């Protein structure tokens, strides 16, 4: 059974690597950068919330963690009509989503934990033009994805440079064909802010957990020392 599972995992990992010759880019994640998180929250509401909910977070929690006034969150981040205690729900209902896209767009509350920040960062930058697709684009990281490139105006138009590997065409690199509203550096920063926010949404208490973890490890170290000294005291007369 172990051999079978190992073989399956190897084949799956190989097929994932073979689908694209592009390596994942490194996302610059900093959950202490509240300015970046606020920008990321704005981008999420503007470009993602129309289809994707993030129902595990409330605007109230975002205001608390980012040390922002509740009215500021409602005015500059949340969509019109949202309340401070509302979850980040998409306006699109599941019936319409399934009719238009064939499936309901997933909730993205835990996407950063399941996929990883680097994968998300590379995926959002990985759209390229392919006119025979229903949306007119494909993705170098997620082949044949049904999602359109919602950042095409900011990023511009990319084309794929293909190469043949083991009889299959794979994406070697992406080439910017038409510039967007943002420079490549500005667009990278925009995507990074969005990914930073999604990492935060996946675990809002991550910084608190890491801080508390240091005290827990210190306590365990001290307790281990005391337990060892106590053990020596009890067993000193036993040979």
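Every number here is computed from the coordinates shown, using simple stated rules; none is lab data. Model, not experiment: these values are computed from the prediction. Here the Cβ positions follow ideal geometry from the backbone for every residue, glycine too, while neighbour counts run over all protein chains shown.
Could you give the angle, 0 to 90 degrees to the nearest 10, between helix 2-18's Cα long axis and the longest principal axis of the Cα atoms of the chain?
The two axes meet at around 40 degrees.
How would 152, 235 line up from fewest to most surrounding beta-carbon atoms within 10 angstrom?
Starting with the residue having the fewest Cβ neighbours, the order is 235, 152.
What Kirkwood radius, in Å to one decimal, follows from the Cα pairs of the range 190-239? Walk me through the numbers before you get to the answer.
Working: mean 1/r = 0.0701 Å⁻¹.
Final number for the Kirkwood radius of the range 190-239 is 14.3 Å.
With contacts defined as alpha carbon pairs under 8 Å and 6 or more residues apart, what's the relative contact order of the chain in percent?
On the way: 298 pairs, mean separation 59.4, N = 239.
In percent, rounded to a whole number, it is 25.
Find the Rg to Rh ratio for the range 97-239, where Rh is the Kirkwood radius over alpha-carbon pairs and Rg uses the same atoms.
Looking at the range 97-239, the ratio lands at 1.30.
Whole angstrom only: what separates the Cα centroid of the range 161-239 from the Cα centroid of the range 54-103?
26
Taking only Cα atoms, what is the 0 to 90° angle, nearest 10, from helix 206-235's long axis to the longest principal axis of the chain?
It works out to around 20 degrees.
Can you work out the base-10 log of I(q)/I(0) for the range 166-210 at q = 0.16 1/Å, using the Debye formula on its C-alpha atoms alone?
Log-scaled intensity ratios, in q order: -0.69.
Would you mind calculating the gained length between residue 208 and residue 132 on full extension (0.36 nm times residue separation, minus the Cα-Cα distance), in nm to one decimal?
22.6 nm
Viscosity 1.567 mPa s, temperature 4 °C: give me the Stokes-Einstein translational D for the chain in µm²/s, with Rh taken as the Kirkwood radius over C-alpha pairs.
62
Over all distinct alpha-carbon pairs, what is the Kirkwood Rh of the range 37-139 in angstrom?
Kirkwood hydrodynamic radius for the range 37-139: 15.1 Å.
I want to check the label-to-label distance for residue 75 and residue 99. Put each point 7 Å from Cα in the C-beta direction and report it in nm to one decimal.
Modelled inter-label distance: 3.8 nm.
Per DSSP H run of n ≥ 4, the term is -39500 (n - 2.57); total these for the chain, divide by its residue number, and report the mean residue ellipticity at 222 nm rounded to 500 deg cm²/dmol.
Values: 10 runs with 116 residues, N = 239.
Value at 222 nm, helices only, nearest 500: -15000 deg cm²/dmol.
Measuring from a point 7 Å past the Cα of residue 56 along Cα-to-C-beta, which residues in the range 19-48 have an amide N at less than 13 Å?
Under 13 Å, as judged by backbone N against the label point of residue 56, lies no residue of the range 19-48.
Within a 10 angstrom radius of the beta carbon, how do 123, 234, 200 rank from fewest other beta carbons to most? Display every interim value, and only then the final one.
Details: 123 21, 234 9, 200 26.
Ascending Cβ contact count within 10 Å gives the list 234, 123, 200.
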